[in-house]
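For reference, the structure discussed in these notes is given below.
The values are calculated or read from the model by the stated rules, or taken from the named source; none is laboratory data. The model shown is predicted, which means the values in this text are computed figures rather than measured ones. Neighbour counts are summed over all protein chains in view; Cβ atoms, including those assigned to glycine, are modelled from backbone coordinates with ideal geometry.
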Amino acid sequence: MPQGATQLGPLFRYRSSRLIAAYRPELQAIEAQRAAEAAEKVAEDEADGTPSPSPTPTPTTRPSPDSFKLIGDDAPRPDTSISLMRIDGDPSDVVRRMMAQIAAAIPDAGIELDDLSKYCTAEERRITSCQLVARGLTEGEREIRLTMTVDTGNLATRTAPPGSLTRPVMQLTAENVGDPRAAQLGRDTGKLKDVADIDTIPETSGLIWPKMDLDAPNSTPLVNGWTAPADATLLLSGYTPQFAAMTTERAVDADQTAEQYVLANSPKGTLTKDVVEDLNSVSTMYAVKTKDGSIARAVYILSARGNYTALFYSPPRA
């Protein structure tokens, strides 16, 4: 995270559909073996005249166990992470620091740090949004894609997204895009080398950052028309791309918000669910593809720090 940016909420991490598909056959094989063993045990008990007890469900507020728990220590780690940030410092400096970190993570990406106009759109020199997409190999030989977006707010109404404190909002998404299984074997140190000092690189575009007068109210429709419930504390949101991050006092409310948002966007009333157990937190991801090919996704995190939910609505890739 660059100096001058504040991350709101935790890092939202989940397994991509490619990663889930790569490990599903292994999981299904283990499940089939377990089912066969259970059926054999039932048959043996019935042959001995001993009825098998029916399991009694136990009510619980705890999240589901890791979706790949049966695989054990080889269960796949999340391959996608999203950081949601508010830009509190000078926007040009903060964005270029973020770009410099991306350039250090993917040395061959060819990122130009001296000209924001290469990555930002503007109206009468006023920046309306920024996007940088870089793909390549890390020092640890992992193929990744890093996507940085910046939302300055509504230029026409001078209104910022809810929760942004009238400041620009930045989102960074990191994805493993190479072979899903191979990416699980490699690990980077997490420390970037040779990060360029943007203070020594003049910015030449001449673009300026517009100032917003106020935040939109929390009742503003976000992420494809969704509005924040009254019992949620909205941490941050954005219009482009569409997202909303919040926290709730009760874990069940955070989970229901995530699931119901995705179900509301599901053409058939179904969704994909995947649970990841980390050392100090449990992340539940819900996702669905809408009729037009957009992806509605929600990530709910239960941790010692609190209950967090992030909602995303992403149009099809061009």
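Structure notes:
- Residue that is within 18 Å of the chain's Cα centre (by Cα) and free of Cβ contacts under 8 Å to residues at least 24 places away in the same chain, where the choices are Leu234, Leu271: Leu271
- Subset of the stretch 117-135 [of a type outside the set (Lys, Arg) and touching a strand residue (DSSP E or B) at 6+ places or on another chain (Cβ under 7 Å)]: Tyr119, Cys120, Thr121, Ala122, Ile127, Thr128, Ser129, Cys130, Gln131, Leu132, Val133, Ala134
- Set side by side, the residues Leu279, Leu302, Leu271 differ, and just one is touching a helix residue (DSSP H, G or I) at 6+ places or on another chain (Cβ under 9 Å), farther than 19 Å from Leu236 by Cα, not assigned by TED's automatic domain parsing to the domain that holds Arg13 and not basic (Lys, Arg), which is Leu271.
- Boolean, Tyr261 is among the aromatic types (Phe, Trp, Tyr) and under 25 Å from Ala75 (Cβ atoms): no
- The lone criterion from (1) among the hydrophobic types (A, V, I, L, M, F, W, C); (2) part of a loop (DSSP other than H, G, I, E, B); (3) crowded, with 18+ Cβ neighbours inside 10 Å left unmet by Leu234 is number (2).
- Some residue of the stretch 254-264 being touching a residue at least 40 places away in the same chain (Cβ under 8 Å) and assigned to a loop (DSSP other than H, G, I, E, B): no
- Here the condition is being closer than 29 Å to Asp79 by Cα, of a type in the set (Asp, Glu) and in contact with a Phe, Trp or Tyr (Cβ under 9 Å, 6 or more places away or on another chain); of Asp108, Asp151, it holds for Asp151 alone.
- Residues of the stretch 208-231 that are at pLDDT 95 or above and buried (at least 18 other Cβ atoms within 10 Å of the Cβ): Trp209, Pro210, Met212, Asp215, Ala216, Leu222, Val223, Trp226.
- Residues that are among the polar types (S, T, N, Q), within 23 Å of the chain's Cα centre (by Cα) and surrounded by 20 or more Cβ atoms within 10 Å (Cβ to Cβ) number at least 3 in none of the strands (runs of 3 or more DSSP E) confined to the stretch 55-161.
- Any hit, the stretch 193-204, residues being over 23 Å from the mean Cα position of the chain (by Cα), surrounded by fewer than 20 Cβ atoms within 10 Å (Cβ to Cβ), among the hydrophobic types (A, V, I, L, M, F, W, C) and not in a loop (DSSP other than H, G, I, E, B): no
- Evaluation of Arg167 against (1) at pLDDT 95 or above; (2) farther than 20 Å from Asp93 by Cα; (3) in a loop (DSSP other than H, G, I, E, B) (one fails), failing number: (2)
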